[in-house]
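Reading through the C-alpha cells given below for one structure.
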Amino acid sequence: MKARIKFSKTGSMRFIGHLDVMRYFQKAMRRAGVKASYSQGFSPHQLMSFTSPLGIGLSSDAEYLDITLEEGDAPQAMADRINAVLNDEIRVKGFTYIKDNAKPSMAALAACDYLIALKSGKNNKFADKEFTRKQIAGFLLQDKIEVLKKTKKLEKLIDIRPNIYYMADSLNDYRKCISKELAEDESFCIDKECTGILYCGLAAGSVLNIKPGLVMEELCKYSGIEYNEFDYQMHRLEMYAEADGKLIPMSVYDVV
Amino acid sequence: MRKLALSDEILLSVDKPARYIGGETNMAIKDPADVDIRFCMCFPDVYEIGMSHLGIQIIYDMLNLRDDIYCERVYSPWTDLDRILRRENIPLFALESQQPVKDFDFLGITLQYEMCYTNILQVLDLSGITLIAADRKEGEPFVIGGGPCAYNPEPIADFFDMFYIGEGETVYYELMDKYKEWKASGQDRASFLKMAAKLPGIYVPQFYQPVYNNDGTLADFKPLVPEAPAKVIKQVECDLSETYYPRKPLVPYIKVTQDRVVLEIQRGCIRGCRFCQAGMLYRPIRPRGLSFLKKRAKEMLESTGHEEITLSSLSSSDYKELKELVYWLIDEFKDKGINISLPSLRIDEFALDVMSKVQDVRKSSLTFAPEAGTQRLRNVINKGLTEDDILNGAMEAFNGGWNRVKLYFMLGLPGETYNDIEGIAILSDKIARQYYTIPKEERNGRVNIVTSTSIFVPKPFTPFQWAAMDTKEQARQKRDFLLSKVREQLNARSIKYNCHDADVSELEGVFARGDRRLGNVIRQAYENGCIYDAWTEYFRPDVWNMAFKDNNLDMEFYLRRERAEDELFPWDFIDIGVTKEFLLEEYHNSKAEIVTPNCRSQCQGCGAAKFQCGVCIEKR
C-alpha cells in the first residue's frame, strides 16, 4: 500500500537539506515502528520519494512524501505515531493512502504556493500594504518578465510571466486565487516574527520550476528596491498537481 | 521554536549549517537554570568526526542521567564559520542551549589524536576562555582533558586545568559532587583544583614542576602541593556489563563518519602488538556480557532508527561469544533492513560465512593488517599474524567469490630493513598469485589488491617508546623503494599502492612523546594561523618550523633519539598498570625477535592485574 504524508518544516529545520530530511524520515519511520517496504539487494532502502526538494533556508506548511508500506493503520493513528518520534519543527500535517497506481507526486507536481515575508528586524517599503498592492498589480500587468537563466553552457532570457499564476497581498485575496478551502482564521507555521508581504502561486515541477526568490528579486527590480535575499523568509504553503486544467492540492490528488 | 546562536545570514552562508544548530534526535533537553552544573563536552574537530565518537556519547548520556547536570556539546567550527565568529566577535556556543561556552562550569575536551592540538586552542579562543590555565580567572570554566592523548598530556598541559587519566565511567560523578561542594563553599579556583587533585585519576598540571637536564631530557618531575600525588593512577571500569552505556544515542541530521549504532563489545586487547598504544593503555581486556550487548543493540536500534549496527573493539575475533552475538544480530535484524558491519575481524571460515550473509561479495573487500612485510619483522612487532594465515584466509575468500583485498602496513618500524620493505611487495604479489591458482573459468574477474602504508610513530606506554622515528627523507626513500618493488612484481598491475604523508607524521611524533616545553610552540603556531592540522589542505609546515625555531626547540630531539633505558619520560608520572619494566622487557624481546604470547594463552605479568578484572581474573 502507498501513502502520502504532508509535513511542515520550520525554525532550525530550515537549515537541514533535502537529502538529510529524507534520511531523517527514514530513521523516524523505524523509530515509529512503521513497516515500510524496502528495495531488494544487499543494502535495502525504504521506498520513499519526496515531491519537491525545499531549498535550504525556506520553511513550509506543505511538504509531501510518498511511501510504500507493508501494512498500515487508520490515517490519524499513523500520523500520531510518526509525530510522536519527530521533533517540534518537522510535523506530520496529513496522512492519506493513495492509489497503488498513483502517479509519483514528483511527476505530478504542477505548481506551488508561497508566502513571502520580511524577516524579523528587516524593513522596507513592502511593509506598507498599499505600496505592495500597487506594485503587485503593476508587476503582473507587464507583458513579459524576462530573466536571465544560466545553464552550464549558455545564458538565455526566459519570460517567467506565464508561470506566475497569481499574486496576492492579503490572505483574503489569496483565498480567492486557490482551489481549496482555507479556514476563516487560517494560520501558517511561518515564524511569527516575520511580516507577511505577499502570496503567490508559481509553476513547479521537473520541466519548469520557478523559485519564489526569483519572483521577489524581479518584483524588487520592478519596484526599485534593492533585493537582499536574506531579508525575506520564503514559506511554502501548498503543492498542486494538475488535472483537467485545474490545480489540485497534492493531499487530495490520487487518494484512495 | 529553538533560538539559534547564529543569524540566518550566517547559517545560510556557511557550509553545512546543520553542524551548528543542534536539535538532533535524542538530544538532552534541560533548562540550564534548573541545574547545578553545566558541562560542555568538546571534540576538537569538525562536527561529522566528533559526532562519530562513542566515548562522548557514553559520557554525555551518563552525565545527563543526573538531574543536577546538563551536559551539552561543542565541536570545532569549520574554517568558514571560524572566520565569521572572529570577524563578528560571536562567542562559541554549545549546540543544545545555543549559549556561550564561557558560561559553563566545565569544558571537557576529548583528546583522540595529537594533530587536533591547535583546534583545542581554537575552541578556547573562540569561546573567550583564557588560553593558559594558570591565568584563568574566577568564573571561567574548568577545562578538563581526557582520552588517549591524556596519557601524555605534557605538550598541552599549559592549556588545561586538569586531565582525567582513565575511563569516563568511573570518576566523573565524584568530580561533579566535589565541584558542587566547592561551589557552595565559595572558595577560590585553586581550592577546587586541590580538591580535584586528590581524586583518583585526576592530574592538575599546574601543581607539578618539570626540571630538565642540560641535554633537554627530563631530570625531575615533582608535585608542588601536598594534594597532588606523585603518581596518577589510571582509572578502570571493571565491570563493563553493569555500567553506563547509552540507550538512546544522538542521531545527527547530516551524514557523519560513523552513521550507525556502535556496540562496543569489549575494551582492551590481549594481543600485545608492540607498536600499539591502545593495546597497552586499555589493559586488561574486559568483555561485555552477551545479554547486555543484545539488550543494548535492540534498544539503540529502536531509539535511533539507524539502518546499520557495527561492533567495536580492538580485535573482535577475541570476543569469545562473537559467533553467538553475530548470528543473533543477523537473525534478529537482517530482515528488518538493518546492515551489520564487522570491522577488525580475523579472516577465517566464520568471518567469511558472516560476511557472505551481510555483505555483497562482489562489492566488499577483505582486510588484512600484517603491518610488516616479513615474518621476521612481524615477530619484532609481535604481530601474531603469519603469512599462512593471510594466504589461507585469502584463498578461502577467493573461493567464496571475493576478489578485492586491502592490506595495511607500516613503514619505519624499529629494526626494519629494506628486505622487510620489499617483503610488503612480495606478500602483496603472493596473494595475487594465490588468486590466479583458481582455474580461469571459476574466477570472478581480476584480483584487486590495495596495499597501504602508514608511517610508524612511536607512542608512550608502548615497548617502542624508547625507539627513534624515521626522518621525512627516510620515509620518502622507503616509499619510493617500495613503489619500485611493487612495480617489479609479476602481478604489479593488480596491486595499487597508497601511502601516508610524512610531514604530518613527524609533528604527530613530536607531540606523542613531547614535554611541557612544546606548549609555547603549539600556542605560537595557533596564533600564526594553524588549525585543522590533521587536514592536509590546512597543514602549514612552514609555520610549525618557525614556531620550533623561535622557541629554541628541535624536532630532532623528540624524534631521532633512541632513548636511554633509564631516561625519565614526561609521562612516567602516570601509572597505567602496565609497568615500565614490562615495556622495556618487551623492547628487548623485539630486538631479539622474540614473540610474546597473548594474555589469554599465557600471562606475562605486565602489571595490569593490579586492577583485578577482565582477563587477569578469568579462569584458565
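The values are calculated or read from the model by the stated rules, or taken from the named source; none is laboratory data. Owing to the predicted nature of the structure, the values given are computational and were not obtained by experimental measurement. Every residue, glycine among them, receives a Cβ derived from its backbone with ideal geometry; neighbour counts consider all protein chains shown. Only protein heavy atoms, including side chains, enter the accessible area calculation; ligands, DNA and RNA are left aside. Shrake-Rupley method; radii C 1.70, N 1.55, O 1.52, S 1.80 Å.
Assorted remarks:
- Residue in segment B:254-270 that is in contact with an Asp or Glu (Cβ under 8 Å, 6 or more places away or on another chain), more than 14 Å from chain A (Cβ to nearest Cβ), among the aliphatic types (A, V, I, L, M) and not in a strand (DSSP E or B) present: yes
- B:D36 vs. criteria within 30 Å of B:A150 (Cα to Cα), open to solvent by 10 Å² or more (accessible area, probe 1.4 Å), out of contact with any strand residue (DSSP E or B) (no Cβ under 6 Å at 6 or more places or on another chain) and more than 14 Å from every other protein chain (Cβ to nearest Cβ): yes
- Of note, B:D353 satisfies the criterion of being outside any loop (DSSP other than H, G, I, E, B) and either more than 30 Å from B:F481 (Cα to Cα) or within 28 Å of the chain's Cα centre (by Cα) (or both).
- Checking A:A36, A:A3 one by one, the residue that is touching a helix residue (DSSP H, G or I) at 6+ places or on another chain (Cβ under 9 Å), open to solvent by less than 30 Å² (accessible area, probe 1.4 Å), over 30 Å from A:V215 (Cβ atoms) and within 12 Å of chain B (Cβ to nearest Cβ) is A:A36 and no other.
- Residue list for segment B:298-331, restricted to those being part of a helix (DSSP H, G or I), away from chain A (no Cβ under 14 Å) and either among the acidic types (D, E) or open to solvent by less than 20 Å² (accessible area, probe 1.4 Å) (or both): B:S316, B:D318, B:L322, B:E324, B:L325, B:V326, B:L329, B:D331
- Residues being more than 7 Å from every other protein chain (Cβ to nearest Cβ) and open to solvent by less than 10 Å² (accessible area, probe 1.4 Å) - total across segment A:13-28: 3
- Of all residues in segment A:48-86 being free of Cβ contacts under 8 Å to residues at least 40 places away in the same chain and polar (S, T, N, Q), the one that is farthest from B:L4 (Cα to Cα): A:Q76
- Conditions (1) surrounded by 21 or more Cβ atoms within 10 Å (Cβ to Cβ); (2) β-branched (V, I, T); (3) outside any strand (DSSP E or B): number failed by A:I56: (1)
- Some residue of segment A:191-204 being over 25 Å from A:R91 (Cβ atoms), in the same structural domain as A:S120 (by TED's automatic domain parsing) and open to solvent by 60 Å² or more (accessible area, probe 1.4 Å): no
Results for (1) among the acidic types (D, E); (2) in contact with a Lys or Arg (Cβ under 8 Å, 6 or more places away or on another chain); (3) open to solvent by less than 10 Å² (accessible area, probe 1.4 Å), shown as yes or no for each residue.
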site: B:A512; (1), (2), (3): no, yes, yes
site: B:E537; (1), (2), (3): yes, no, no
site: B:D542; (1), (2), (3): yes, no, no
site: B:N545; (1), (2), (3): no, no, no
site: B:F548; (1), (2), (3): no, no, yes
site: B:L559; (1), (2), (3): no, no, yes
site: B:A564; (1), (2), (3): no, no, no
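- Residues being modelled with pLDDT of 95 or more, in contact with a Lys or Arg (Cβ under 8 Å, 6 or more places away or on another chain) and assigned to a helix (DSSP H, G or I) are represented in segment A:81-99 by at least one member.
- Here the helices (runs of 4 or more DSSP H) wholly within segment B:478-594 that include at least 1 residues being out of contact with any His (no Cβ under 8 Å at 6 or more places or on another chain) and within 30 Å of B:E48 (Cα to Cα) are B:502-512, B:518-527, B:541-550.
- Test: residue in segment B:233-248 that is among the aliphatic types (A, V, I, L, M) and surrounded by fewer than 16 Cβ atoms within 10 Å (Cβ to Cβ): no
- Positions within segment A:175-226 being over 12 Å from A:I164 (Cβ atoms), under 16 Å from the mean Cα position of the chain (by Cα) and assigned to a helix (DSSP H, G or I), in sequence order: A:G213
- B:S97 being among the hydroxyl-bearing types (S, T, Y) and open to solvent by 10 Å² or more (accessible area, probe 1.4 Å): yes
- Take the conditions (1) among the aromatic types (F, W, Y); (2) open to solvent by less than 10 Å² (accessible area, probe 1.4 Å); (3) touching a helix residue (DSSP H, G or I) at 6+ places or on another chain (Cβ under 7 Å); B:F207 misses just one of them, which is (2).
- Verdict on B:T257 being within 24 Å of B:G50 (Cβ to Cβ), in contact with a helix residue (DSSP H, G or I) (Cβ under 7 Å, 6 or more places away or on another chain) and surrounded by fewer than 17 Cβ atoms within 10 Å (Cβ to Cβ): yes
- Some residue of segment A:41-48 being more than 13 Å from A:L86 (Cβ to Cβ), more than 8 Å from chain B (Cβ to nearest Cβ) and open to solvent by 30 Å² or more (accessible area, probe 1.4 Å): yes
- Among the residues making up segment B:6-33, a single one is touching a residue at least 12 places away in the same chain (Cβ under 8 Å), outside any loop (DSSP other than H, G, I, E, B) and more than 13 Å from chain A (Cβ to nearest Cβ): B:P32.
- Residue among A:S8, A:S49, A:S43 that is touching a helix residue (DSSP H, G or I) at 6+ places or on another chain (Cβ under 9 Å) and not assigned by TED's automatic domain parsing to the domain that holds A:M239: A:S49
- Residues of segment A:205-222 satisfying the condition of being under 16 Å from A:G55 (Cβ atoms) and either in contact with a Phe, Trp or Tyr (Cβ under 9 Å, 6 or more places away or on another chain) or open to solvent by 60 Å² or more (accessible area, probe 1.4 Å) (or both): A:S206, A:N209, A:K211, A:P212, A:G213, A:V215, A:M216, A:E217
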